[in-house]
Amino acid sequence: MSSAPGAEAAPGSNPTITTTTRPTAPAGLTASAKRHMFSSLRNRNYRLFFTGAMVSNTGTWMSRIAQDWLVLSITGSSTAVGITTALQFLPMLLFGLYGGVIADRYPKRKLLLVSQASMGLLGLVLAVLTLSGHVQVWHVYAIAFLLGVVTVVDNPTRQSFVVEMVGPKDVRNAVSLNSANFQTARLIGPAVAGVLITAVGSGWAFLINGLSFGAPLIGLLLMRQEELHQVEPTPRGKGQLREGLRYVASRPELIWPIVLVGFIGTFGFNFPIWLSAFAHGVFHAGASTYGLFNTAMAVGSVAGALLAARRTATRLRMLVGAAVVFGALEMVAALSPSMYLLAALLVVIGVFGITINTTANSTVQLATDPAMRGRVMSLFMMVFVGGTPLGGPVVGWATDTYGARVGFLTGGLVSAAAAAAVGLAIHWTARRTQATT
């Protein structure tokens, strides 16, 4: 999940859009330290967070692969896979902004203890249902929806907690390392899941996922609270949701990244649908090939995240350019004649996909007043992942009706077109601002 225009603006200001942010180095911070790829890991609390996340992220990826393959095995339908994905993200679309209000109102560490424990419990319930042979597709739907409800609070809380652990000067690095963490787990999880599903079935992947949440819980409990850069919780009051929306609406440096990731998240990130359909319907292969595709994409994502961790400033046009290339690569990948060429293209798609993610995420965090960060990040995540309930079934239907290639091609086309439109809008806004000053 770099900086963007307005990232260094004072709270309450309404800065103009520029193409580059070059923050001043904090006192005592040398250029080499700024560029240290793993600088955030010097912080003990963040090390605990990072380690726990690595374990639970691996379990999460195992569960995702097992869940998609289980639904496809039960129903034989890519639409059903799309519905599962949609149900998991529907609560974010419906209630995402309220999660941000909660994240701003209560201590984030305590909220994360509750949310992570809840996710682990749901993983164990799905494991019991599957291992006992009683699982039905509606069980998977229900648990996916409940996971989405927990994510409504967990996601903005976890995103904004990063700044409290490492402080503003390391937030770009920490966001990038979080992405590298998640994508490294994506290398391990699908491979292990593919072996487990083939050997003993999906239930063991769900069991490992449920147990893996013990790691972040232990990490949160061991943190030194006095070392956190804690933000005073926002008192309960009327109109806090509207206040957050007005805050974003008045700041172009927040609006454009959020609009762009909304289109990309809705139409360009439906990989569970496309890749399971390519493995099953195009190349007539099994779960191991689906795991291979996810692993290939994760290789690129890890590389992209580590490159992002070295950046100290980013250009807004990098975000737009990466999104254009991302969409174009998806269109090329849709026409791949072999699974190995598709896997190679997925590596490059992973690089550009994670560049979009890290640039937009840190852009929005750094441009936001700390007291508003939970609400702003909830809007960011609601738009980014909450669009999936709208795009998932549509993309799943297109994939079932016209084939995996057409579904993938459509997602890439929409992503590239949206990026080009946002780029033109940013250029036009900048020129209009310059003309009036």
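Every read-out reported here was derived from the displayed coordinates using simple, explicitly stated rules and does not represent laboratory data. Just so we're clear, the structure is a prediction, and the values are computed from it rather than from any experiment. Cβ: placed from backbone, ideal geometry, glycine included. Neighbour counts: every protein chain shown.
Below are the figures for this structure:
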quantity: Spin-label model distance (nm) - R242 vs V259, 7 Å beyond Cα toward Cβ; calculated: 2.4
quantity: Dipole magnitude of the stretch 40-435, debye to nearest 20 (Cβ charges: Lys/Arg +1, Asp/Glu -1, about Cα centre); calculated: 1020
quantity: Virtual spin-label span in nm between L335 and T75, 7 Å along Cα→Cβ; calculated: 3.2
quantity: Separation of alpha-carbon centers, the stretch 55-106 and the stretch 169-193, rounded to whole Å; calculated: 18
quantity: Projected area averaged over orientations for the stretch 84-161, convex hull of C-alpha atoms, nm²; calculated: 4.9
quantity: Sorted by Cβ neighbour density within 10 Å, fewest at the top, the residues V162, V175, V200; calculated: V200, V162, V175
quantity: Rounded D (µm²/s) - the stretch 103-252, Kirkwood Rh over Cα pairs, Stokes-Einstein at 4 °C, 1.567 mPa s; calculated: 73
quantity: Extension reserve of the R431-V128 stretch, reckoned as 0.36 nm per residue once the Cα distance is removed; calculated: 103.2 nm
quantity: Table column - 3J(HN,Hα) (Hz), the stretch 79-89, Karplus curve with 6.51, -1.76, 1.60, x for Gly and Pro; calculated: 4, 5, 4, x, 5, 4, 4, 4, 5, 5, 9
quantity: Cα point-scatterer Debye curve for the stretch 157-239, base-10 log of I(q)/I(0) at q = 0.11, 0.12, 0.21 Å⁻¹; calculated: -0.49, -0.57, -1.07
quantity: Estimated 222 nm signal from helices in the chain, with DSSP H stretches of n ≥ 4 weighted -39500 (n - 2.57), rounded to 500; calculated: -25500 deg cm²/dmol
quantity: Cα principal axis extents for the stretch 275-395, largest first, Å; calculated: 51, 32, 23
quantity: Sorted by Cβ neighbour density within 10 Å, fewest at the top, the residues H229, H139, H280, H134; calculated: H134, H229, H139, H280
quantity: For the stretch 237-365: relative contact order, % (alpha-carbon pairs under 8 angstrom, 6 or more apart); calculated: 34
quantity: Over the stretch 40-435, equivalent-ellipsoid semi-axes from the Cα gyration tensor in Å; calculated: 31, 26, 19
quantity: Virtual spin-label span in nm between T401 and R310, 7 Å along Cα→Cβ; calculated: 4.6
quantity: Surrounding net charge for A193, when Lys and Arg each add one and Asp and Glu each subtract one, Cβ distance under 15 Å; calculated: +1
quantity: Net lengthening on full extension, I218/A417 (0.36 nm per residue, minus Cα-Cα); calculated: 67.2 nm
